[in-house]
Amino acid sequence: MELLIMAYALKTACARNIIGVIPYFPYSKQSKMRKRGSIVCKLLASMLAKAAYLFANMDHFYKRKKDIPNYRNAVIVAKSPDAAKRAQSYAERLRLGLAVIHGEAQCAEMDMDDGRHSPPMVKNATVHPGLELPLMMAKEKPPITVVGDVGGRIAIIVDDIIDDVESFVAAAEILKERGAYRIYVMATHGILSAEAPRLIEESSIDEVVVTNTVPHEVQKLQCPKIKTVDISLILSEAIRRIHNGESMAYLFRNITVDD
C-alpha cells in the first residue's frame, strides 16, 4: 500500500518516469488460477499500473555460473514436475544432469478424504433421500519416485520461492534414500515462515541458499544451514543502467533462450 501511495503521489507530481525496483513481488506464489482462488499477483500488478505505471515489465537477473565452484559432480533436481522447466534451464546452463521427483507421500488420513471441505454429517441428523450428495472418490496419488540418477552425487534442488519447507524436506529424504551424499536447496526468495528453520535444521538438507530479496536474519539465527547470497550489486547495476538509459544486455549474459 505504501508503494501504491508513493507511486500515485509521484504521478500527480508530474514525474517523467516512475520505476519500481521490487526484488520480491508480493503474492508471487498466487500467480496461477487454482480452483476458485483469485490471482492476487495479477491484481497487485494491475493496481500498480493503475496507480502510476503505464505498463508492468518484469526483468529476471541471474548470477553467472563461474560463481558456483565444484559443481561438476552435481545433479539438478526438480521437486515436482511443475518445477521441471526451471530445473532444466539450470541443468542446461551448468551442463549438469537432471532429476525429477514425481508423486506424493502416502498418508492414510488423506486417502480417506473424499474431497469435501464441509464438516462431517451428524449421525442423528435427518437425511432426505433427494438431498443426499454422492460421495466423491478421493484422488489416487502415486508414490514418490525419482526420475534420474542421483546416487553418489550432489543433489541441488532449485526453486523460485521457499516458504513452507515440508515438500523440500520430503524431497531431501527420498534423495538421501536414493544415494545422494549431499543435498542443497537453492531458491531466489527465502520466505521461510512458521516452523521452516526448525524443520530444515532437523532434515537431511545440508544447506539452503537464498538471496536477500526478503529479510530473514531471524531465521538464520535459528538455523545455521541457511546461507544468503547478496544481490545488491546486481540491483544497483540495473538501477544505474536504467537511470542512464544504457543497455541491460550485460545482465542477461549466459542466459538460455527459454529464460
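Numbers for the structure displayed
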| read-out | value |
| --- | --- |
| Selection count, segment 70-93, where residues are surrounded by 15 or more Cβ atoms within 10 Å (Cβ to Cβ), under 13 Å from S167 (Cβ atoms) and not small (G, A, S) | 2 |
| Verdict on D149 being exposed (fewer than 15 other Cβ atoms within 10 Å of the Cβ) and either in a strand (DSSP E or B) or not assigned by TED's automatic domain parsing to the domain that holds Q88 (or both) | no |
| Some residue of segment 96-105 being assigned to a loop (DSSP other than H, G, I, E, B) and at pLDDT below 80 | yes |
| Residue tally, condition in a loop (DSSP other than H, G, I, E, B), over 14 Å from the mean Cα position of the chain (by Cα) and not basic (K, R), over segment 170-195 | 5 |
| Meets criteria (at pLDDT below 95, hydroxyl-bearing (S, T, Y) and farther than 22 Å from Y90 by Cα) for T126 | yes |
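The values are calculated or read from the model by the stated rules, or taken from the named source; none is laboratory data. Because the structure is a prediction, the values reported are computed rather than measured. Counting neighbours? That spans all protein chains shown, and the Cβs are built from the backbone with ideal geometry, glycine included.
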